[in-house]
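The values are calculated or read from the model by the stated rules, or taken from the named source; none is laboratory data. All values derive from a computational prediction rather than experimental measurement. Here the Cβ is made from the backbone with ideal geometry for all residues, glycine too, and neighbour counts use every protein chain on show.
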């Protein structure tokens with residue numbers, strides 16, 4: 001059964017958008033590696049939910065900012081499912097801070113998880129994906145909106161967009177596509193944390209479609225990029241934000 | 001997966017090339033498709049026949065999108081055939097590539113009347129027929145809007161206007177539930193591009209070398225992007241330009 005099944009690794013998929021992606025790819029027929037860095041309980045819940053729907057998944061702990069840890073998680077994926085076809089570099093953090101108030105520690109941590117984490121995932125994918133595979137990175141519509149207090153976060157996401165264009169050119173000869181999804185505000189715990197109802201309502205009003213995003217709005221875009229219908233789309237950034245930018 | 005089950009779709013300029021591929025591809029996904037054409041009735045009929053032969057639903061409607069009376073009739077006939085409208089694909093377009101000094105006033109009007117005015121007319125008319133819950137517009141542009149290929153000034157600028165308009169309309173029409181997006185194909189092998197000599201062997205070689213996936217595009221290659229944007233899967237995407245180029249820009 002797993003012999004013909006395509007295999008996806010989704011980083012940071014114990015919660016939020018990542019969890020929705022893991023479940024969506026599983027329902028598309030992928031065997032899914034649910035990567036997490038600290039939330040073993042929620043990661044196992046995602047695996048259980050996938051299995052309850054007849055899908056295949058395992059949870060693997062790896063800190064994306066450590067290359068050895070990422071490499072081991074790819075080993076684990078291959079041992080469990082025989083190979084790797086799709087890597088979704090979703091793991092990321094977003095802690096807002098005006099630049100004057102941004103500590104060395106927050107800057108380094110944002111770079112380590114968002115940028116080094118995506119670099120580690122892409123490098124490992126470039127070395128190990130089967131031909132015809134897919135790399136799907138995550139940027140953000142803050143690249144374009146450029147609101148105050150997003151400098152560190154937006155810097156990492158801009159860099160990911162630049163790498164997407166370049167790595168697409170490096171891997172095209174193996175029919176591997178590299179694309180990026182750039183969501184706008186999505187109603188996850190991460191986004192809603194410490195925001196009042198009024199703040200959330202005001203953010204929803206920014207969007208021409210008049211709401212904030214839901215994790216499944218983003219998962220369906222990832223599903224498209226991981227599937228056969230997107231085979232000619234390569235080196236692109238797709239903003240999924242209800243039209244806000 | 002039937003992503004467009006029972007959706008009513010108009011594809012303009014669907015007698016050949018991209019339009020024919022899009023019409024067939026959307027019908028495969030369950031859409032009821034209006035195959036619009038301006039002049040090549042025979043080829044348009046072939047597209048309709050081919051859709052029906054595989055169990056799909058399609059109707060043929062002649063209309064020159066640059067003429068308002070034609071456009072009004074196109075949409076009225078669509079409602080007569082299918083009763084509603086869900087998706088408009090503005091694919092009809094004309095081009096001629098020539099150095100900037102050779103551009104004439106007459107050619108400006110020819111290109112802009114179909115590529116820009118034509119889309120204005122069809123989008124305005126579509127708004128009268130979309131349901132109260134919304135609708136979906138997909139405009140076909142070209143990779144040249146970012147690549148700036150020499151000797152394409154009229155054509156590329158007309159598509160640039162379409163891109164800008166799409167971004168405006170995404171914001172203006174979003175509150176009504178209407179999404180507006182653009183698909184920008186790269187260099188593609190169609191009868192048109194072969195027949196007009198746009199794709200000489202030397203050009204093809206250069207294009208392929210600049211395409212990470214290592215080949216020239218085929219009309220079929222953009223169908224996936226159009227179907228995706230037309231479907232609920234893309235419900236959160238509007239005002240975007242989706243380049244479908246194999247990675248060439």
task: Within the range A:36-58, track down each residue that is under 16 Å from the mean Cα position of the chain (by Cα) and within 14 Å of residue A:22 (Cα to Cα).
output: A:36, A:43, A:46
task: Working only within the range B:187-236, note down all residues that are crowded, with 24+ Cβ neighbours inside 10 Å, out of contact with any helix residue (DSSP H, G or I) (no Cβ under 8 Å at 6 or more places or on another chain) and closer than 24 Å to residue A:166 by Cβ.
output: B:217
message: Just to verify a result, which residue in the range A:224-243, among those that are within 7 Å of chain B (Cβ to nearest Cβ) and in a helix (DSSP H, G or I), is nearest to the chain's Cα centre (by Cα)?
response: A:224
query: For the range A:158-165, does any single residue satisfy the condition of being at pLDDT 95 or above and facing chain B (nearest Cβ under 9 Å)?
result: yes
query: What about residue B:142, is it more than 14 Å from chain A (Cβ to nearest Cβ), crowded, with 23+ Cβ neighbours inside 10 Å and assigned to a loop (DSSP other than H, G, I, E, B)?
result: yes
field: Failed item, numbered, when residue A:148 is tested on (1) surrounded by fewer than 23 Cβ atoms within 10 Å (Cβ to Cβ); (2) touching a strand residue (DSSP E or B) at 6+ places or on another chain (Cβ under 9 Å); (3) under 23 Å from residue A:98 (Cβ atoms)
entry: (2)
- request: Among the numbered conditions (1) surrounded by fewer than 16 Cβ atoms within 10 Å (Cβ to Cβ); (2) modelled with pLDDT of 95 or more, tell me where residue A:237 comes up short.
  value: (1)
query: Within the range B:197-225, how many residues turn out to be under 18 Å from residue B:151 (Cα atoms) and touching a residue at least 60 places away in the same chain (Cβ under 8 Å)?
result: 1
- request: Could you name every one of the helices (runs of 4 or more DSSP H) located completely within the range B:145-249 that has at least 3 residues being at pLDDT 95 or above and either more than 9 Å from chain A (Cβ to nearest Cβ) or within 24 Å of residue A:177 (Cβ to Cβ) (or both)?
  value: B:153-173, B:223-230
- request: Hand me the list of strands (runs of 3 or more DSSP E) wholly inside the range B:4-122 holding 1 or more residues that are under 15 Å from the mean Cα position of the chain (by Cα).
  value: B:8-11, B:32-37, B:87-90
- prompt: Considering only residues of the range A:167-184 that are in contact (Cβ under 8 Å) with a residue 24 or more places away in the chain and assigned to a helix (DSSP H, G or I), which is nearest to the other protein chains (Cβ to nearest Cβ)?
  reply: A:172
- prompt: Of the residues that make up the range A:194-217, is at least one part of a helix (DSSP H, G or I), within 7 Å of chain B (Cβ to nearest Cβ) and closer than 20 Å to residue A:22 by Cα?
  reply: yes
query: Here are some residues: B:81, B:108, B:130, B:100. Which one is modelled with pLDDT of 95 or more, surrounded by fewer than 17 Cβ atoms within 10 Å (Cβ to Cβ) and in contact with a strand residue (DSSP E or B) (Cβ under 7 Å, 6 or more places away or on another chain)?
result: B:81
